[in-house]
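S.K.: After the structure tokens below, expect a handful of questions from me.
The values are calculated or read from the model by the stated rules, or taken from the named source; none is laboratory data. Note that this is a predicted model, so its numbers are computed, not measured. Using ideal geometry, Cβ is built from the backbone for each residue, glycine included, and neighbour counts are taken over all protein chains shown.
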Amino acid sequence: MNKTKINGLLAAFGAATLMGFVGFFARHINAQGDVIAFSRMLCGAVLFFFILLGMGRLKDLTRYRISPSMVFSGIFMGTCLSAYIAATQLTSIANAVFFIYIGPIISTILAIIFLKEPFKPITMFAISIVFAGMMLIVGLVQFNDGAVTVGLSFDAKTFAGDMLALASGVGYGLFLFLGRYRQDVPSDVRSFWNFLFALVGIGALFIFSQPTIAQMTASDWMWWIAIGIVCGFGALTLCTIATKNLLAVEFATISYWECVVASLIGIVVFSEPLSTMQFVGGFLIILGGTSEMAVNGIKGYLNKQAAAAKAI
């Protein structure tokens, strides 16, 4: 693999790892979901502004034309995260998780259709394996007494939550897909605009959600800033780098690593139990996420061996 691909893979793993900490931070913040999402975008925009300022590169913000893909990728980034957190409050966690994790599948399909990205058999295997692993690790599919039960359930009372969850998945997929455009824009400049337009999107949602911060204590504010730095500035910046350097399906297979990280945090920090099926799900995610890299590495090694044999 070339350096660009390696950087993209490392950024994708880093992004998924930091995204896995969202639940850890959110449990310490007494605030609505969109208020928490706002922190992630605000910290990212502010920190990137000062980074560009410190590097003497503020002019780069006007050097590159702002295109619709840059505007909407940011808006979708902010609104999909807000919609997901709101969905967890109005429908089951299983439904919310399932719908948002169709996002990487949507981005892959769009990239294949509109960007003509390749879709190899090993890629199909990888994306299928990690999706199955996700359904196991979050408890969407369980095996009890020889019977298979699916955690998805639909009810008129949770219709609004289910629609918000679906919107979060579609928005996530569009954010990842649009991130494949404008390869000419440096990652730090692109990240700044992503965060800024995400703030616009979340700000528009405030009109309807009308959140309050009156109940937040000093501790809440400290955790609010922390999630903004770690899961906002850190995770979403790495996500921007990954989507720029990887094919949509390559990022999609790695993005499910977030489920494994979240489960590990639940075990280590909150003493949550891990069932056998969740363990299998984690294994499938790791297998699927690394399978294409392993196959490419083996092919590269065999090609070098064959070339060396011919030279002799």
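S.K.: What is the one condition in (1) under 17 Å from Phe38 (Cα atoms); (2) within 20 Å of the chain's Cα centre (by Cα); (3) among the hydrophobic types (A, V, I, L, M, F, W, C) that Trp223 does not satisfy?
M.R.: All conditions are met except number (2).
S.K.: Regarding Val230, is this residue surrounded by 13 or more Cβ atoms within 10 Å (Cβ to Cβ), among the β-branched types (Val, Ile, Thr) and part of a helix (DSSP H, G or I)?
M.R.: Numbers: surrounded by 13 or more Cβ atoms within 10 Å (Cβ to Cβ): yes; among the β-branched types (Val, Ile, Thr): yes; part of a helix (DSSP H, G or I): yes.
The answer is yes for Val230.
S.K.: Could you check how many residues of the range 204-227 are assigned to a helix (DSSP H, G or I) and either farther than 24 Å from Leu52 by Cα or touching a Leu at 6+ places or on another chain (Cβ under 7 Å) (or both)?
M.R.: Applying the first criterion (assigned to a helix (DSSP H, G or I)) to the range 204-227 yields 204-209, 218-227.
Filter once more, so that each one left must be either farther than 24 Å from Leu52 by Cα or touching a Leu at 6+ places or on another chain (Cβ under 7 Å) (or both): 204-209, 218-223.
Residues meeting the conditions: 12.
S.K.: From the list Ile202, Ile265, which one is at pLDDT below 90 and within 19 Å of the chain's Cα centre (by Cα)?
M.R.: Numbers: Ile202 fails: at pLDDT below 90.
From the options Ile202, Ile265, the qualifying one is Ile265.
S.K.: Right, next: Applying the selection to the range 35-83, what residues are over 14 Å from Val185 (Cα atoms) and among the aromatic types (Phe, Trp, Tyr)?
M.R.: Result: Phe38, Phe48, Phe49, Phe50, Phe72, Phe76.
S.K.: A follow-up question, please. Cβ-Cβ below 9 Å, separation at least six or inter-chain, first residue in the range 8-21 and surrounded by fewer than 20 Cβ atoms within 10 Å (Cβ to Cβ), second in a helix (DSSP H, G or I) and acidic (Asp, Glu): which pairs?
M.R.: Every condition considered, the pairs that remain are Thr17/Glu258.
S.K.: Given the residues Ala242, Ala214, Ala262, which is the only one that is more than 24 Å from Asp34 (Cα to Cα) and of a type outside the set (Ser, Thr, Tyr)? Steps first, please.
M.R.: Details: Ala214 fails: more than 24 Å from Asp34 (Cα to Cα); Ala262 fails: more than 24 Å from Asp34 (Cα to Cα).
Testing whether each residue is more than 24 Å from Asp34 (Cα to Cα) and of a type outside the set (Ser, Thr, Tyr) leaves just Ala242.
S.K.: Hey, Phe192 hits all of (1) touching a helix residue (DSSP H, G or I) at 6+ places or on another chain (Cβ under 7 Å); (2) of a type in the set (Phe, Trp, Tyr); (3) more than 25 Å from Phe48 (Cα to Cα) but one; which does it fall short on?
M.R.: With (1) touching a helix residue (DSSP H, G or I) at 6+ places or on another chain (Cβ under 7 Å); (2) of a type in the set (Phe, Trp, Tyr); (3) more than 25 Å from Phe48 (Cα to Cα) applied to Phe192, the lone miss is (3).
S.K.: Of all residues in the range 159-211, which are of a type in the set (Phe, Trp, Tyr) and either surrounded by fewer than 17 Cβ atoms within 10 Å (Cβ to Cβ) or without any contact (Cβ under 8 Å) to a residue 60 or more places away in the chain (or both)?
M.R.: Kept after step one, since they are of a type in the set (Phe, Trp, Tyr), are these residues of the range 159-211: 159, 172, 175, 177, 181, 192-193, 195, 197, 206, 208.
Phe159, Phe206, Phe208, listed by residue number.
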